[in-house]
Ligand code: FDA
């Protein structure tokens, strides 16, 4: 017997003791020597920086089919002194859903991904292990009249995305994914299975944007579907610096959050070309929830500088716009949305900011100069305003509402990994982040939890207690004043801090 096969036996025994009806389903427990263990572990990880020959691996990897198996796993992990990591889509930027420095069990929700649509109620129940692509596909198979306002990339998992907020092309009209959640089922630190009534409003509030991993395992979510028109317009207009990108981005900052809520225009900045040809390109990438006859007058009135022409506009259905924003052609098969393998798998590091006042032209110039010093660098600017201005900062834990013009995600990718290679890219993105300080929100310098960034600070590992003050350094960046309420909820629902990771909400022990 190896240690892990002994643990496997003990764990199975514990599971069947916890649930006498539990059939010994050996298919759900994978130990490191199991044939499927490695491929399962690597299957959904988005950032291959994290799983390599030296990274800590789970002692057991569980792929449950029923909530009872997760309940048993929570109780048995506690009994065996193991930590738990839960993974839905595996897109966590810092790999926190499948990495842990102390012995742990990984619960992968890949087999819990049913989606039930109720057209009469205009709602759906979706399990956390489903991807956004699976959700959008399931909706459109029932109706072309409704959609859901969540993220752009189809392989992102519902579990992590909804529990951190979740935004996409319809955020200006309908807000975040988490704003449209109306019920949920959670397994708490005692292994209890709770619906909205049993969990209470505090916990229900916390899991909609406060990061699910601090509070329990969210099994499923009831969401409100939102109406979408039969026809929408997608367009992308790209300009290099020579073609006036700088002035256009400068102007965009004054109008993007004030546009009609049917109109979402984000900007993707990236380096293009090589050697002397290298330059910076800004792509104005848009979804309009309506037809061209309404879009053109809106554009001519609010952003004529972009020079949008009818020939730039592609008419499509809402679900085709999901394909379009993923980089597919609108006529490609919708089944592509069901592909869980990640399209853009690469080593990367990302950081985020919120902008409250337009950045000056000279400030933007400094960004372009820095972009020319690196390769595979991106800055994605997502406009807020519209519905985001109408929801109060404390409605759910996600606090970045009125007063924010747009969100920035900085991203650097690289193709060859290794300590030395990654150091260079990490240094570059940290330098850019340092440069941006005077131009972005401050006190706190806000950040988006779903663009997880461990540079902002981490909890102490092991049994060392992280104090409220220590955790609030990064906690207030993600949650502003909602951080306090999140700590209170954590104290109430998980006082022994069973569900924890490097950036989970800490408990504050009574003696502190
Ligand atoms: P993963 O499974 O890695 O989980 C992320 C975190 O949530 C982990 O801490 C995990 O433990 C916890 N968690 C997961 N499931 C849970 C559950 N059931 N209960 C409790 N805790 C749970 N964001 C955005 O707002 N809009 C966008 O358009 C995009 N696009 C995008 C594209 C790509 C390629 C990537 C890599 C990421 C994005 N994101 C995004 C960010 C994305 O929203 C974020 O990474 C989510 O946390 C991913 O959720 P997963 O379930 O895939 O991650």
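The values are calculated or read from the model by the stated rules, or taken from the named source; none is laboratory data. Not measured: the values here are computed from a predicted model. Please note: Cβ atoms are built from the backbone with ideal geometry, for glycine as well, and neighbour counts cover all protein chains shown.
Out of 303, 288, one residue alone is farther than 19 Å from residue 176 by Cα, at pLDDT 95 or above and crowded, with 17+ Cβ neighbours inside 10 Å. It is 303. When residue 331 is tested against (1) over 19 Å from residue 447 (Cβ atoms); (2) touching a strand residue (DSSP E or B) at 6+ places or on another chain (Cβ under 6 Å), just one condition goes unmet, and that condition is (2). Looking across 213, 201, one residue alone is part of a helix (DSSP H, G or I) and surrounded by 24 or more Cβ atoms within 10 Å (Cβ to Cβ). It is 213. Per the listing 413, 424, 402, 437, the residue uniquely under 26 Å from residue 51 (Cα atoms) and free of Cβ contacts under 8 Å to residues at least 24 places away in the same chain is 424. On the given criteria, is residue 501 in contact (Cβ under 8 Å) with a residue 60 or more places away in the chain and within 15 Å of the ligand (Cβ to nearest atom)? It is true that residue 501 is in contact (Cβ under 8 Å) with a residue 60 or more places away in the chain and within 15 Å of the ligand (Cβ to nearest atom). Inclusion of residue 234 among residues that are part of a loop (DSSP other than H, G, I, E, B), at pLDDT 95 or above and within 16 Å of the ligand (Cβ to nearest atom) is not warranted.
Residue by residue, here is whether (1) over 30 Å from residue 503 (Cβ atoms); (2) more than 16 Å from the ligand (Cβ to nearest atom); (3) buried (at least 17 other Cβ atoms within 10 Å of the Cβ) holds:
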residue	(1), (2), (3)
227	yes, yes, no
249	yes, yes, yes
257	no, yes, yes
269	no, yes, yes
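For residue 480, indicate whether it is farther than 30 Å from residue 75 by Cβ and either away from the ligand (no atom under 16 Å from the Cβ) or out of contact with any strand residue (DSSP E or B) (no Cβ under 7 Å at 6 or more places or on another chain) (or both). So residue 480 fits the description; yes.
A single entry from 64, 32, 20 fulfils the requirement of being in a loop (DSSP other than H, G, I, E, B), modelled with pLDDT of 90 or more and over 15 Å from residue 86 (Cα atoms): 32.
Total residues in the stretch 58-79 satisfying the condition of being in contact with a helix residue (DSSP H, G or I) (Cβ under 7 Å, 6 or more places away or on another chain) and surrounded by fewer than 17 Cβ atoms within 10 Å (Cβ to Cβ): the figure is 2. If the condition is being out of contact with any strand residue (DSSP E or B) (no Cβ under 6 Å at 6 or more places or on another chain) and surrounded by 14 or more Cβ atoms within 10 Å (Cβ to Cβ), then the stretch 341-353 contributes only 342.
Scan the stretch 443-453 and tell me whether some residue there is surrounded by fewer than 13 Cβ atoms within 10 Å (Cβ to Cβ) and either on the phi > 0 side of the Ramachandran plot or free of Cβ contacts under 8 Å to residues at least 60 places away in the same chain (or both). Checked against the condition, which is being surrounded by fewer than 13 Cβ atoms within 10 Å (Cβ to Cβ) and either on the phi > 0 side of the Ramachandran plot or free of Cβ contacts under 8 Å to residues at least 60 places away in the same chain (or both), the stretch 443-453 yields at least one hit. With respect to the conditions (1) part of a helix (DSSP H, G or I); (2) touching a strand residue (DSSP E or B) at 6+ places or on another chain (Cβ under 8 Å); (3) under 17 Å from residue 253 (Cβ atoms), residue 298 lacks only one, and its number is (3). Considering the stretch 401-423, the residues that are part of a helix (DSSP H, G or I) and touching a strand residue (DSSP E or B) at 6+ places or on another chain (Cβ under 8 Å) include one that is modelled with the lowest pLDDT, namely 421. Does residue 416 count as farther than 30 Å from residue 361 by Cβ and surrounded by fewer than 13 Cβ atoms within 10 Å (Cβ to Cβ)? Yes; evaluated as a whole, the condition is true for this residue. For the stretch 156-170, taking the residues that are in a loop (DSSP other than H, G, I, E, B) and within 7 Å of the ligand (Cβ to nearest atom), the one that is farthest from residue 87 (Cα to Cα) is identified as 168. Within the stretch 137-147, the set of residues being surrounded by fewer than 23 Cβ atoms within 10 Å (Cβ to Cβ) and in contact (Cβ under 8 Å) with a residue 24 or more places away in the chain comprises 137, 140, 142, 143, 144, 145, 146. Every condition in (1) in a helix (DSSP H, G or I); (2) more than 21 Å from residue 261 (Cβ to Cβ); (3) touching a helix residue (DSSP H, G or I) at 6+ places or on another chain (Cβ under 7 Å) holds for residue 173 except the one numbered (2).
For the stretch 80-93, a residue qualifies if it is assigned to a loop (DSSP other than H, G, I, E, B), buried (at least 23 other Cβ atoms within 10 Å of the Cβ) and either more than 15 Å from the ligand (Cβ to nearest atom) or at negative phi (or both), and the qualifying residues are 88, 89, 91, 92.
Between 116, 134, 120, the distinction of being more than 10 Å from the ligand (Cβ to nearest atom), modelled with pLDDT of 95 or more and part of a loop (DSSP other than H, G, I, E, B) belongs to 120 only.
Restricting attention to the stretch 94-105, the residues that are surrounded by 21 or more Cβ atoms within 10 Å (Cβ to Cβ), under 14 Å from the mean Cα position of the chain (by Cα) and more than 6 Å from the ligand (Cβ to nearest atom) total 1.
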